[in-house]
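Quick notes on the structure that follows.
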Amino acid sequence: SISQNFLTSRKTIDRIIRIANLGPKDSVIEIGAGKGHITKALARKCKSVRAYEIDEKLYQKLLAVQNDFPNCTIKKEDFLKAILPSVEYKIFSNIPFSITTNIVRKITDAPNPPKEAYLIMEKGAAKRFCGKPADGLSSLLLKPFFDLKIVYYFRKEDFHPSPSANCVLLCIRRKETPDIP
């Protein structure tokens, strides 16, 4: 099982979903659905939700969410091996921090990247992707194609168990017209 810090406060989850401006027209992918707190909130708001979870015990518990919300599909599959949709979609997820770079690389290198991705990650990683305080290879490779911005700062107490690092919500928005072809 991949270690993860779970966001459980419905108030906080609803707040960050509002920040992401997700609604009834959105098809959303969630990576590492965990206990289903975010999954349920997404299913209440969005047209469809496809949630990935590779931990067998968590997956079995998530099947109840799928039963309660017909617009929700739970996949027991490694997101890094999954085929992404060819239609427009968004991603909203509290990702496993240990594979942050792999997840960002997969979604930004995809033939059809998401219109927007909202990823809960460690603050240091988010700053590197944004090029703060200075651009590095990862930010320089993303910026011609995506706008990146930290849109929310979490408290460590928002998670269970509390993470050792500070966490943020990073928005990765695909540019309508890339800066370079």
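If Lys and Arg each add +1 and Asp and Glu each add -1, what is the summed charge of the other residues whose beta carbon sits under 15 Å from the beta carbon of residue 128?
On the way: positive: 105, 123, 127, 132, 143, 149; negative: 122, 135.
So the surrounding residues net to +4.
Can you compute the charge dipole magnitude of the chain about its Cα centre, using +1 on each Lys and Arg Cβ and -1 on each Asp and Glu Cβ, nothing else charged? Give it in debye, rounded to the nearest 20.
Values: 31 positive and 19 negative charges, 85 e Å.
Roughly 400 debye for the chain.
Using only the C-alpha atoms of the stretch 82-169, find the volume of their convex hull and express it per residue in Å³. If you can, show how the numbers build up before the last one.
Details: hull volume 9.1 nm³, N = 88.
Output value, Cα hull per residue: 103 Å³.
In this model, which of 11/127; 47/115; 11/123; 90/127; 115/149 are farther than 24 Å apart at the alpha-carbon?
Result: 11/127 exceed 24 Å.
Of 92, 21, 134, which is farthest along the charge dipole of the chain in the positive direction, counting Lys and Arg as +1 and Asp and Glu as -1 at C-beta?
Farthest towards the positive end: 21.
Can you spot the aspartates and glutamates whose alpha carbon is less than 16 Å from residue 25's alpha carbon? Ignore those fewer than 8 places along the same chain.
Partners found: 88, 116.
What residue among 62, 46, 34 has its Cα farthest toward the positive end of the dipole of the stretch 34-76, where the charges are +1 on Lys, Arg and -1 on Asp, Glu, each on the Cβ?
46
Can you grab the distance from the C-alpha centre of the stretch 2-43 to the C-alpha centre of the stretch 71-139, Å, no decimals?
Rounded to whole Å, the Cα centres lie 14 Å apart.
Out of 83, 103, 29, any idea which swings most in a Gaussian network model of the chain, alpha carbons joined below 10 Å?
Maximum fluctuation in the GNM of the chain, among the listed residues, is at 83.
Over all distinct Cα pairs, what is the inverse of the mean 1/r for the stretch 40-97, reported as the Kirkwood hydrodynamic radius in Å?
Numbers: mean 1/r = 0.0821 Å⁻¹.
That comes to 12.2 Å for the stretch 40-97.
Too long at a 25 Å Cα-Cα cut-off: which of 106/175; 76/132; 106/132; 40/156? Walk me through the numbers before you get to the answer.
Details: 106/175 17 Å; 76/132 35 Å; 106/132 22 Å; 40/156 22 Å.
Those over the limit are 76/132.
Amide H to amide H, which residues 5 or more places from residue 94 or on other chains are under 5 Å from it, using H placed in the peptide plane?
Counting only residues 5 or more places away or on other chains, the set is 31, 120.
5 Å is the cut-off here: which amide hydrogens, built 1.01 Å from N in the peptide plane, fall below it relative to residue 6, excluding neighbours closer than 5 in sequence?
Here 160 satisfy the definition.
Which order, highest average first, do 159-170, 109-120 follow once you tally other Cβ atoms within 10 Å for each residue and take the mean per peptide?
Working: 159-170: 16.4, 109-120: 18.0.
Peptide ranking by packing, descending: 109-120, 159-170.
Can you give me the three principal axis dimensions of the chain from its C-alpha atoms, in Å, biggest first?
44, 37, 29 Å, listed from the longest principal axis down.
Hey, got the dipole for the stretch 100-181? About the Cα centre, +1 on K and R Cβ, -1 on D and E Cβ, debye to the nearest 20? Provide the component values of the computation, followed by the final result.
Values: 14 positive and 9 negative charges, 16 e Å.
Result for the stretch 100-181 is approximately 80 debye, rounded to the nearest 20.
For residue 73, list long-range residues whose amide hydrogen, built 1.01 Å from N in the peptide plane, is under 5 Å from its own amide hydrogen.
HN-HN under 5 Å from residue 73: 49, 50, 51.
FYI, it's all coordinate maths here, none of it is from the lab. Note that the structure is a prediction, hence the values are computed from the model and not measured. Heads up, the Cβs are rebuilt from the backbone with ideal geometry, glycines too, and the neighbour counts pull from every protein chain shown.
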